[in-house]
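The values are calculated or read from the model by the stated rules, or taken from the named source; none is laboratory data. These numbers were taken from a predicted model, which means no experiment stands behind them. So basically every Cβ, Gly included, is an ideal-geometry build from the backbone, and we count neighbours across all protein chains shown. Heavy atoms of the whole protein, side chains included, go into the accessibility calculation; ligands, DNA and RNA do not. Shrake-Rupley method; radii C 1.70, N 1.55, O 1.52, S 1.80 Å.
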Amino acid sequence: MTTTLPILVAHDGSAEAGRALRWAAEESLRTHVPVRVLMVDEVLPPTWGGVSGWAPMTGTLDVPVSDFTALVDGVRKDLAEAGVSDASVVHRRGHVVDELLRAAEAASVVVVGSHGHGAAGERSEEHTSEL
């Protein structure tokens with residue numbers, strides 16, 4: 001079966017996300033399918049005082065939040081160096097799993113890093129039945 005739906009990659013700046021991005025780039029070149037990279041700033045639930053907030057989407061302390069542009073530029077550079085010309089980077093604010101599921105509706109495959117200790121791993125059991 002041939003598809004034109006993109007390969008969706010969840011990326012948070014971590015080493016695991018970098019490995020997922022490289023795999024997606026190789027698969028894109030093999031299948032001639034575009035790559036769509038999703039980066040999500042996690043919305044935090046209200047705290048004891050009723051104040052909600054958001055957490056930076058980076059999965060590593062190596063990339064300051066103020067340097068988000070550098071992270072996006074790095075992802076674009078990595079894809080270009082791998083030879084992927086049909087790629088886009090999307091940045092959203094919300095719950096990681098919810099945003100990933102929403103984006104997955106228009107993707108041929110979803111690629112995530114293998115670390116599994118971030119917000120997405122903690123909330124994934126809630127959404128298993130929806131997959």
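Scanning the range 21-38 for residues that are surrounded by fewer than 23 Cβ atoms within 10 Å (Cβ to Cβ) and not polar (S, T, N, Q) yields ARG22, TRP23, ALA25, GLU26, GLU27, LEU29, ARG30, HIS32, VAL33, PRO34, ARG36. Residues in the range 52-69 include none that are modelled with pLDDT under 55 and on the phi > 0 side of the Ramachandran plot. Taken over the range 79-101, the criterion of being part of a strand (DSSP E or B), small (Gly, Ala, Ser) and either open to solvent by 40 Å² or more (accessible area, probe 1.4 Å) or under 19 Å from ARG22 (Cα atoms) (or both) is satisfied by ALA87, SER88.
Go through the range 1-12 and give me each residue that's assigned to a loop (DSSP other than H, G, I, E, B) and either crowded, with 22+ Cβ neighbours inside 10 Å or of a type in the set (Val, Ile, Thr) (or both). Of everything in the range 1-12, those that are assigned to a loop (DSSP other than H, G, I, E, B) and either crowded, with 22+ Cβ neighbours inside 10 Å or of a type in the set (Val, Ile, Thr) (or both) turn out to be THR2, THR3, THR4, HIS11, ASP12.
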